[in-house]
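Colleague: Starting off with a structure, shown below.
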Amino acid sequence: MRWLRNALRRSRLERDIGRELQFHLDQHVEDLVARGVPEAEARRRARIELGGVPRIREEMRAARALQWLDTLSRDGRDARRVLSKTPGFSVTIVAMLAIAIGVAAAIFALVDAVLIRPLPFAESDRLVAIHHDASGVDLPWHGVSTGTYLHYRAGNRVFEDLGLYFERIDTLTDLAEPEQVHAAFVSPSVFSTLRAQPFLGRFPTNADTEVAPSGLFLRAAVVISHDLWTRRFGGSPDIIGRPIRFGNVPGLHIVGVAAPGFHFPRPDTQVWIAFPPEMRENRLRASLRGLSNNAVARLKPGVPVDEARADLNRLVRSIPDAFPDVTAAQFDQMGLRADATPLKDDVVGDVRVPLLMLLTTAALLLMITWANAANLSLVRAERLRREVAVARALGAGTRHLIHRFLAESSVLAAIAASLASIVASTAVDLRFGFAPTEIPRLGEVAFDGRVWGIIGGLAAASALLLALTAFFSVNRPHVFVALTGSLTRIISSRRDRAWRRALVTAQVALTLPLLIGAALMAKSIWKLSHVDLGFDPSGVFTFTLPVPPARDQSGDFYRGVARIHASVLQHVRALPGVQSAEAVTLFPLTPGSGYDNLRIAPSGRPDAWTYTSLSYATPGYFAAMKIPMLRGRTFETADLNDRAPGVIVSVRLARTLFDTVDAVGRRVQWPKGSDLRDDGTPFAPYVIVGVVGDVATDTLQEGPTPILYFPHVYPPPIPAVTFVVSNYIPDRQVYTVRTTLPLATLAPAVRRIVREVDATLAVTRFGTVQQRVDDSMARTRLTMLLLIVAAVTALFIGMVGVHAVLAYTSAQRIPEFGIRLALGADPRTIVSMVLRQGLAVVAIGIVVGLAGASGLTRFLRGVLYDVAPLDPAVFAAMAALVAAVALAACYVPARRAGRVDPVQALKAE
Amino acid sequence: MAGKSDLLQGTLDLLILHVAALGPVHGYAIAQRLRQISKTALQVQQGSLYPALHRLEERGWLRSEWRSTDTGREAKFYTVTRAGRKQLEAERLNWERLAEAIALVLRTAE
């Protein structure tokens, strides 16, 4: 193809020259004829005067040796001209650069918004989160308690303001469609600490809350998010003062709407309920085993975090004196320490690793693309070497040359940049397919000036790279070789070949870590998906039915809830096609359900308590979900006794409490401090009637937690341990339905049943259990997919590079092969020679790549599940894959080398 | 082609630029004009004219365009670019300085 294009170009030039000289002659002849010279004579004279046309043509041609460079500038850098000259090269380069730059820019936008930019609060670098740590005991929580919070608030010297909060997920009822939302119970000082401004209305103050002596809310102020306000309340201004129902909390009314960008503590927190910590009854207790709230504080100007830490620990030391429930001995044994960490670390904490991984992936992809582009540029520039040599002999300056190369590569880079911006902006618009719950601060990702800067910078760097590689390839003292003309082929210098080999090695070395990372993630996913869930998700539908509380908290409410659920259960069971229907309050794999923890102790040893999750289950629940009953039996009618219900424990709880699975018949009780009912009578210990297998409560990765199962008895035999009337009332239940009916039939039927039982109720979250399992793996899966895409792209690009280089160099050696074959060499030795050359380069690349990968994969430790970062099987498999693909890439050029016809090869000289 | 025509090459460039600066003109017309202006004292080798024109275009001092003459034929017309005008000025200054210097030398040598 190349010769065709050159031929066309030359013929055009020739025609041009010919026409111009012809015109000159004709014009001269005309003039002479006009002066009376006869035509034939005129022609003769004109020709003589002009001189030897061939020589003139040659001189004009020489002056035009730089034509290829000139076409560019003369046509005003018309992009189409550049591309049409060598379309294969141009399109490949543009496509590769567009993808690599686009991906890099998009990931930069994400990392910038989440990790680099400061939090969207005023002077957010002064905001810290307060934690605790205890070397002497294993703390289940690392936050603060109300007592310690108030202690620090009163005694500190370093903070301007502090706030206390904890989070809940529950349902907003009394909307047209109930909605499950993330909420935060906050002290009013949280808003002042963050220096937030309300969008509408105001933020709550201490005066807005009324709490009964028992700790129940009577009245409390609520702020809702801007998103919730526009979405569910139509953005209407008379939202202020409107009552609202969140779960069981009564007496809530809205006093303000937050500003649109206000996200605290999570991106999807929709409701903030104000409570004054001073009113909580346990302000007098340090509750060092219950440090389950969060605290945010604003440092005074100029105070470094270390000083805050020191000040907090000073206050920690005075805790035994300040609180009656902590003895000096206990305290010393605990080794309690306080810590203050920048708030941003808290917010972004666990996505840091995956995001940095993505960034590394993008960087690797970019480098591989650049290596390949440089290679292609080198190869292409070689073809122009002869013309450039001629041009230089005639005096074309170095600057001139670089200028032309740069112009060409700039056009390509500019096109690639505009395509890249499309790629990047699409990715940003789709929020990369993440949900806000998976990536904090996702809403802040924007395609802004910095991203444009990255695209521009990368494009400029690419243009420079292409131009310089072309120039250095061409800028060689081979002029004498080129101009003698007897060698129609320019033999690459050894340095060129070395450069090209180095580039291919680099590509392979960069591709391998990507592949290995992707493979490790894939193995993780595979392991996760084969984890023993502890139950059987197939064929089971679930839906959630929340029952909002009546205004008064008398025992009738509890009975009402029980009646509703019993009625719904009965009707659903009666549906034709339904094999079983059961209900439970703590459903496996529900993110955020690890929030509620109770303390339970073996009977007779109230100090040996442990934390446990709580669940109410219908007797048939375990069988329906195929959770194995390892010992004992499920609930029976005798156990449904509100004074002394039988309980079932999970294996983990049994082992923690009693050190054995055989816990049937043993008893458990509430620990001291929470073993009295409202009327002052003590709770009797509960008998364990069965031990069931573990299930994962929160996420698959975290695994199972201990669970204590109660049967549905009313009133619930749980002490009012929190001031919020119990999250331990079985009002919101998750139903599991085993049926052959399709969802489309089941759902409307269930909805109808619920409506008939109570028209104000609504069903939420209808779906299959399998969906919940899949959601659990969603984020890991997404990261893995991204890695795989990048790795496969890199592999493909890399192998194209290997193939191209090998094809080109072996094509150059055809005369050499021809000679060898003519002298009697076996074609197979030629083939093996070419193969060896290619594979040697790849082998070095593999070795370097493996070394690099073993250094990099340790950063994946946080995301891998049950897979070692240096898994030898994965490393070996990926190295073998690269070797195999390389072999395939080398195969064609090698075979072609072996098929060379010696006669033809020598003739081409 | 080096030594002998170095000086000549430079001067030829200067002359071509000068003529072309007056307006778009084709090669034949330049040759005519040069003969005219210098009252036939300058017989420009027509054979050197065209390579010179192409070289000047390469350097970016001339711009060319295929147009039809008033007689209907297609000819390549050259115009001076802005860079060409600058070059023309520079060359003119050089030439004048050179002419002065030579005149000085000749005068004092007496």
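Colleague: Please go through region A:297-324 and give me each residue that is surrounded by fewer than 16 Cβ atoms within 10 Å (Cβ to Cβ) and assigned to a loop (DSSP other than H, G, I, E, B), ordered by number.
Modeller: If the condition is that a residue be surrounded by fewer than 16 Cβ atoms within 10 Å (Cβ to Cβ) and assigned to a loop (DSSP other than H, G, I, E, B), then A:Lys300, A:Pro301, A:Gly302, A:Pro304, A:Ser318, A:Pro324 are the ones that fit.
Colleague: Tell me which residues, restricted to region A:604-631, are open to solvent by 40 Å² or more (accessible area, probe 1.4 Å) and under 16 Å from A:Leu589 (Cα atoms).
Modeller: Hit for region A:604-631 is A:Lys626, nothing else.
Residues are listed down the side, and each one gets a yes or a no for (1) more than 11 Å from chain A (Cβ to nearest Cβ); (2) out of contact with any strand residue (DSSP E or B) (no Cβ under 9 Å at 6 or more places or on another chain); (3) modelled with pLDDT under 85; (4) loosely packed, with under 15 Cβ neighbours inside 10 Å:
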| position | (1), (2), (3), (4) |
| --- | --- |
| B:Thr11 | yes, yes, yes, no |
| B:Ile16 | yes, no, no, no |
| B:Ala20 | yes, no, no, no |
| B:Tyr50 | no, yes, no, no |
| B:Gly72 | yes, yes, yes, yes |
| B:Ala83 | yes, yes, no, yes |
| B:Leu93 | yes, yes, no, yes |
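Colleague: Quick check on region A:699-713. Is at least one of its residues surrounded by fewer than 16 Cβ atoms within 10 Å (Cβ to Cβ), at pLDDT 85 or above and on the phi > 0 side of the Ramachandran plot?
Modeller: Checked region A:699-713: no residue is surrounded by fewer than 16 Cβ atoms within 10 Å (Cβ to Cβ), at pLDDT 85 or above and on the phi > 0 side of the Ramachandran plot.
Colleague: Exactly one condition in (1) buried (at least 18 other Cβ atoms within 10 Å of the Cβ); (2) modelled with pLDDT of 80 or more is false for A:Ser567; which is it?
Modeller: Against the list (1) buried (at least 18 other Cβ atoms within 10 Å of the Cβ); (2) modelled with pLDDT of 80 or more, A:Ser567 comes up short only on (1).
Colleague: Now for a different question. Just need a number here: residues in region B:27-46 that are crowded, with 17+ Cβ neighbours inside 10 Å, at pLDDT below 80 and either within 9 Å of another protein chain (Cβ to nearest Cβ) or in contact with a Ser or Thr (Cβ under 6 Å, 6 or more places away or on another chain) (or both).
Modeller: 1
Colleague: Output the qualifying pairs, or none if there are none: Cβ atoms under 8 angstrom, residues six or more apart or on different chains, first residue in region A:9-36 and within 10 Å of chain B (Cβ to nearest Cβ), second residue among the acidic types (Asp, Glu).
Modeller: These pairs meet every condition: A:Arg19/B:Glu74; A:Phe23/B:Glu74; A:His28/A:Glu49.
Colleague: Something else now. May I ask you to list the residues in region A:587-603 that are buried (at least 19 other Cβ atoms within 10 Å of the Cβ), part of a loop (DSSP other than H, G, I, E, B) and modelled with pLDDT of 85 or more?
Modeller: A:Phe587, A:Pro588
Colleague: I'd like the residue in region A:123-140 that is open to solvent by less than 50 Å² (accessible area, probe 1.4 Å) and modelled with pLDDT under 85 and, out of all such residues, is farthest from A:Tyr165 (Cα to Cα).
Modeller: Ranking the qualifying residues of region A:123-140, first place goes to A:Gly136.
Colleague: Okay, moving on. Just the residues that are open to solvent by less than 70 Å² (accessible area, probe 1.4 Å) and over 14 Å from A:Val689 (Cβ atoms), please, taken from region A:647-660.
Modeller: A:Val651, A:Leu657, A:Phe658, A:Thr660
The values are calculated or read from the model by the stated rules, or taken from the named source; none is laboratory data. Keep in mind that this is a model prediction, so the values were computed, not measured. All Cβ positions, even for glycine, are placed from backbone atoms using ideal geometry, and neighbour counts span all protein chains on display. All accessible areas refer to the heavy atoms of the entire protein, side chains included, with ligands and DNA or RNA removed. Shrake-Rupley method; radii C 1.70, N 1.55, O 1.52, S 1.80 Å.
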